[in-house]
Every structure is written in C-alpha cells, then in structure tokens.
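What follows is calculated from the coordinates using simple rules that are stated; it is not laboratory data. In this text the structure is predicted, and so the values were computed from the model without any measurement. Every residue, glycine among them, receives a Cβ derived from its backbone with ideal geometry; neighbour counts consider all protein chains shown.
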Amino acid sequence: MKKIGVSLLTAVLGGAVAVGGYKLFEDKQFGNMTLEEQQKVYYANNPGNEIMSSTGNPDFTQAAAAVSPGVVHIKVTMTARGSQRGGGGSPFDMFEEFFGMPQQRRQAQPRQAQASGSGVILTPDGYIVTNNHVVENADKIEVQLTDKRTFEAKVIGRDPNTDLALLKVSATNLPMVRMGDSDNVQIGEWVLAVGYPLSLQSTVTAGIVSAKGRQIGILGDSQQQQPRGYGYGDEDQQIINTAIESFIQTDAVINKGNSGGALVNARGELIGINSAIASPTGVYAGYGFAIPINLAKKVLDDFKEFGSVKRGFIGVTFTEISEALRKDKGIDDINGLYVQNVVKGGAAESAGIKGGDIITKIEGRTIYSSSDLQERVARLRPGDKVKITYKRDGKEKDVTLTLKAEEDSKGKAGDEGSSASATEIFNKLGASFIPATDARKKDLGVSSGVVVTQVHRGGVFEYFGVEKGLVITEVNGKPVNNVDDVESALSATKRNIVRIKGVPQRGSTVELNVPIEY
C-alpha cells in the first residue's frame, strides 16, 4: 500500500511539474504566437467557453450572449484645425508664441471633434481589430466594454487598402470573440452583426449572407482611374491598385457606428469585420459589407509582428473578362482574368506568364472575378509560393509563383500634444514600431532600439520627414526596446516637445525635438 501511495504521489507531482513547466513555456511563447494561435491556446485551456451550434429553428441567444461582451465601443477624438486667418496649422506654429511672432498669425485654439465605431477583442490581453477609417484621424482612442470599463488604446498598425486596424489596450482577462473560417461561409447562411450603431449601446441584428467576394469600389482612388489589377503597374513598377475588396455581403442591419464590429455565424464565430453599407441615404437600405476574417488574420498578424503589412505581388495587370473584351480579343472563356502586362522581373514573368494569357485558377479554385485572385494573394507574404493556372492558345498550364515584395512606399502618420496621455501622444506620432533585433543593434553599435516600420499619413513623423527603417534608441531620454517602452517614455513629454534619438546607420545619430500640437 505504501509503495502504491508513494508511486501515486510521485506520479501526481510529476504531472504537476509537467503542467507547470508547460504553463511557463506557454506564457513565454504566448506573445510570439499569431492571434489565431493565441485563441487556440485560450480555448484549449477554457473549453467551457465553446459555443454550441444552433439547430432547428434559428435561435441566436447563445451566440449573441457569447459574442456581445467581446465587441467594444470605440470613441475617437480628433482635432479640427484652423487659424484665425483661415490658414492651416503646423507643428511649428507653437514656435510663433515662444519667439514672439506676430499675434495675428497664431493659430486659433484647436477644436475637438468626436466620432465612434466598434471593435472586436481577439485576445484576452487586449488586441482589438477595427476598421482603419474608424481610427485613421484619431488623436485619442477610447475603448468601452459592455460592462462599462474604459481603456485608452494605442494603434499597432493601420492599412487603408483593406480598411483594417489593430489596436492594443493594457488589460488582462478580457472577453473575446472566437475567430472562424470565412472560406466555409455559405450564401444563405444565418449571421449576426454585433456593434454600436447610431450611438446606441451594444446591438445585435440578424440576417443571411447575401453574397461573397463583393467589390464595391470604396477603397482607394485607383479603381476609379485604372483598369482593375493586382500587383505592379507599368515599367516603373508603380502599384496600379493595392486596394483589396472581397466583401461578405449581408442583409443583417448595419448602420453608422457598426464599422469595425463583428459579423458572426450562428455558432458565434467571427467570420467578418463589418465595414460598409450600400445606401443612398447614409443609413441602412438593405445591404452591408464585411471584410472576411481569413483576410484579416494575415493583415493583423503582420501588424503584430512587423508593424505594417507585408504584401506579396504576382506582378501583372489584368482585366476581368467581359463580353466586349471577348469580342475584341476573340476569347472563348467566360471566366478568368485577361493579362494586360507583366512586370519585368516580377513573379509572373519569371514563371513564364505573358500578356494575352488568361489566369483561370488560383490554388485550383476557379477565378470568377478579380477579387478571387486579390483576396487569396493578399493572405500571403513576399517569398510565399502560390499555384496559378493560366490558359494560352486554348491550353491550360499550372505554374508555381514565388511572390515578390512590393516597392517601398513612403507611408505617413498622425500628430499630437502634451496635456494628453502617453497613449494619445503615441497615436499622434503616427508610426508603427517593432523591436530592433540583437543583430541590428550590434550592427549599429547601440544597446536599445525600435525600428520605425510605418509612417502614417498626416502625422508628426511624416511632417518631420522621419522615414521607415530608422532605429529609435531613446525617447525623452529613456531607452526604448518595444512599443510599450515608447509609450512609457512619452509620459515624460515636457512643454509639448518629444525628444527622439535615432540611429540611421553606424556612426551617425539623429536627434529630434518634435513639437506635438494640441
């Protein structure tokens, strides 16, 4: 008996050590996981949070109860600028007061404007997805939960081309919404839209999926001016159209304020991020549009890992096959994309694709419209491989392409002040950061640093010409190694001035005193 007891005790202790060791490993690795991997760990450890499938007559009570706490109200404060003389302001206007410039040229007190939208909590430690258009001009972002808790949010990354943004709040054990698989969504399937429309509190509406892969021409001006294409343009490799539209269309009621909220299936799984409505009046008129979660997963993980979106390109311009094109080119095919041009040195040219070819499939899936290709490629990064089927002279051929990186483009950012919180100043700087690698710091001869990965349009960093790739070593005299260090250091901002020290290359140092205007 005694031996059995000892053996049993040993087994129990051994199991406890193993579980404890796994938990320690899990905690260390959790932050390096993708958002979807973090969710899998969470739900594996919290099986009681599973949502049962709705059967028989539609009953969405379980799904609504499970999802609503994880959908948040986002309140945005923006600065409407203008001067007493009708001119626009700049971060330098404050110097007029410091150095006795003429009174009549001083900028009028900025006016505060407010807007709101919705967001979806993806992890218990506070990563939140919303629309880019909800937060792109934000000076201050507040997130309110259904239990009335309020947090200030910082922007981890924004992407106008998919209308997605990733926010982060400092909190733990938050309610969250489980991500589903938008590829499995069926036309006619019941769905719920959850958000904060028309300044109402948490609201749930129901409908069905009306269509998939919808393009409605709201993202990017290039669609109005250029033939639809995905990849590089002409010889100078300018991007013809980087806007990616492949919306899930639904007749669940969506209104202003629903933007950034959840579209979930009857099991309460997140299948889309509500983004737009089709309306002649500005309010619900029958159809709403959501970004597929499978596209969002990749973009959001890019924000989390790199601070910006890493896109791979096929290197073609193309046109959807229409009746007029069929007659003009003598094409028999009804579906597919007619290749207008290929970029020299691009992935398509390397694989043998030429102008006049017809791209018919991607990864074995028939292409009916440009969104079928765009959305699939948008889930991949430079260096990823993708199988393309194209037709030439009536014969189909399969090729495997290695996607190329997009040209470096100068992004832009937001601006901000100093009677505000550190998070608010962080957002006004208008930049995304990732920790500098040990190898990069060693190469530059520094012991701390974050890399500027994106500079958002309209921000202070853009105004001062801060470029992507700069390694910032100190903010307000404090070493920084991650975004939380940057935010913490900003709390020491004095007299509306942020002091930044950076290293563009070994042996050189950049020091900036950046005025943050309110």
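Structure values in brief
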| read-out | value |
| --- | --- |
| Calculated FRET efficiency for the pair A211/Q340, C-beta based, R₀ 22 Å, to 0.05 | 0.25 |
| Sorted by Cβ neighbour density within 10 Å, fewest at the top, the residues S259, S182 | S182, S259 |
| Potential extension, D181-T319 segment - 0.36 nm per residue separation minus Cα distance | 46.8 nm |
| For V498, distant residues with modelled amide H under 5 Å away | V514, I516 |
| Karplus-derived 3J(HN,Hα), 6.51/-1.76/1.60, for each residue of region 157-173, Hz, glycine and proline x | x, 9, 9, x, 6, 10, 6, 10, 9, 10, 10, 9, 10, 8, 7, 9, 6 |
| Sorted by Cβ neighbour density within 10 Å, fewest at the top, the residues R365, R379 | R365, R379 |
| Among G364, I314, L325 - extreme Cα towards positive end, dipole of region 312-405, charges at beta-carbon | I314 |
| Environment charge of G449, counting only residues whose C-beta is closer than 13 Å and scoring Lys/Arg +1, Asp/Glu -1 | +2 |
| Global geometry of region 422-515, whether rounded, prolate or oblate, following the gyration tensor of its Cα atoms and the 1.5 cut on a/c | prolate |
| Per-residue HN-Hα couplings for region 357-362 [Karplus 6.51, -1.76, 1.60; θ = phi - 60°; Hz; x = Gly/Pro] | 6, 10, 7, 10, 8, 10 |
| Residues in region 454-477 reached by a label modelled at D443 [backbone nitrogen below 18 Å; 7 Å Cα→Cβ] | 454, 467-473 |
| ³J(HN,Hα) computed for each position of region 197-212 - Karplus, 6.51 cos²θ - 1.76 cosθ + 1.60, integer Hz, glycine/proline x | x, 6, 6, 7, 6, 2, 10, 10, 10, 10, x, 10, 6, 8, 6, 10 |
| Amide hydrogen neighbours beyond the local backbone of I434, cut-off 5 Å, H modeled | V451, T453 |
| Tail weight of P(r) past 15 Å, computed on alpha-carbon pairs of region 312-405, percent | 55 |
| Globularity ratio of region 248-324, using Cα Rg and 2.2 N^0.38 Å | 1.40 |
| Residue-count net charge about P504 - beta-carbon cut-off 13 Å; Lys, Arg +1, Asp, Glu -1 | +1 |
| Positive minus negative residues near L192 (Lys, Arg vs Asp, Glu; Cβ under 14 Å) | -2 |
| Where N is the number of residues in region 448-488, Cα Rg divided by 2.2 N^0.38 Å | 1.14 |
